[in-house]
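The values are calculated or read from the model by the stated rules, or taken from the named source; none is laboratory data. Quantities reported herein were computed from a predicted structural model and do not represent experimental measurements. As a convention, Cβ positions derive from the backbone with ideal geometry for all residues, glycine included, and neighbour counts pool all protein chains shown.
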Amino acid sequence: MFRRTLLAMLGLALLTACTLSQLFPPPLATETAGPVQFYLIIPEDGGANGQPVGCGDSIIAVDGQTARTGNLTDDVRASLGELLSLTSPDYGQSGFVTSLHDSTLTVADVRLEGDTLYVEFDGSLQLLGVCADARMRAQLLATIFQYEGFDEAMITVSGDNLKQLFDASGMVGPDETFTRDEAQRL
């Protein structure tokens, strides 16, 4: 009898543990090894050394100076902070460039709600034309969507929807998000 009671209690404990872990999953984490990364452009590379983007360019990940924390929102914030800290179009002697060097963007907030990551920027983003705009869009989306744990991102600049700002058709609404599928088709 004691043995049955003990087995029943053990079974109940395991069932409770499984149920609790399903009800209260651990917070989303990112990889903790190594530095955060951000994305730069290889001009006129045609996808030879990275993912093709924009007007015959490629995009490539670059290691930042900040170590990953393993926390999704902190790592996204750090990656974007490093990208936006670049004040020159050229990234040293690497041949990589950024089209965001003239922006006054700063990361105001990064938060996860359900499967949507909200990224809010303060400052301004100057649209420069089809190719430069495609580069800026690709850099921001690749830097954000390199992380797992969400399917879409609502990105705003001083309250304005970034997807709407980049839309030349006028068809994008103020509540439309970028999706992971879109980010993979830069």
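Listed values, structure above:
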read-out	value
Only one of 38, 2, 24 that is of a type in the set (Phe, Trp, Tyr), in contact with a strand residue (DSSP E or B) (Cβ under 9 Å, 6 or more places away or on another chain) and either at pLDDT 95 or above or loosely packed, with under 13 Cβ neighbours inside 10 Å (or both)	38
Verdict on residue 150 being part of a strand (DSSP E or B), on the phi < 0 side of the Ramachandran plot and aromatic (Phe, Trp, Tyr)	no
Those residues of segment 44-55 which are among the small types (Gly, Ala, Ser) and surrounded by fewer than 17 Cβ atoms within 10 Å (Cβ to Cβ), in sequence order	46, 47, 48
Condition check for residue 94: modelled with pLDDT of 95 or more, over 18 Å from residue 131 (Cα atoms) and either assigned to a loop (DSSP other than H, G, I, E, B) or of a type in the set (Ser, Thr, Tyr) (or both)	no
Residues of segment 74-100 satisfying the condition of being closer than 18 Å to residue 44 by Cβ and not polar (S, T, N, Q)	89, 90, 91, 95, 96, 97
Which listed residue, of 58, 79, is hydroxyl-bearing (Ser, Thr, Tyr), surrounded by 19 or more Cβ atoms within 10 Å (Cβ to Cβ) and in a strand (DSSP E or B)	58
Selection count where residues are outside any helix (DSSP H, G or I) and surrounded by 19 or more Cβ atoms within 10 Å (Cβ to Cβ), scope segment 155-176	4
Residues satisfying the stated conditions in segment 163-186, i.e. without any contact (Cβ under 8 Å) to a residue 40 or more places away in the chain, in contact with a helix residue (DSSP H, G or I) (Cβ under 8 Å, 6 or more places away or on another chain) and aliphatic (A, V, I, L, M)	172
Residues being surrounded by fewer than 20 Cβ atoms within 10 Å (Cβ to Cβ), closer than 13 Å to residue 136 by Cβ and of a type in the set (Val, Ile, Thr) - total across segment 82-99	1
Residue in segment 61-76 that is farthest from residue 36 (Cα to Cα), counting only those that are without any contact (Cβ under 8 Å) to a residue 60 or more places away in the chain and either in a strand (DSSP E or B) or more than 18 Å from the chain's Cα centre (by Cα) (or both)	71
Qualifying residue in segment 138-148 (condition: within 18 Å of residue 37 (Cα to Cα), under 17 Å from the mean Cα position of the chain (by Cα) and surrounded by fewer than 15 Cβ atoms within 10 Å (Cβ to Cβ))	yes
Residue list for segment 100-136, filter: under 20 Å from residue 184 (Cβ atoms) and either over 18 Å from the mean Cα position of the chain (by Cα) or crowded, with 23+ Cβ neighbours inside 10 Å (or both)	117, 119, 135, 136
Residue among 119, 107, 97 that alone is hydrophobic (A, V, I, L, M, F, W, C) and out of contact with any Phe, Trp or Tyr (no Cβ under 7 Å at 6 or more places or on another chain)	119
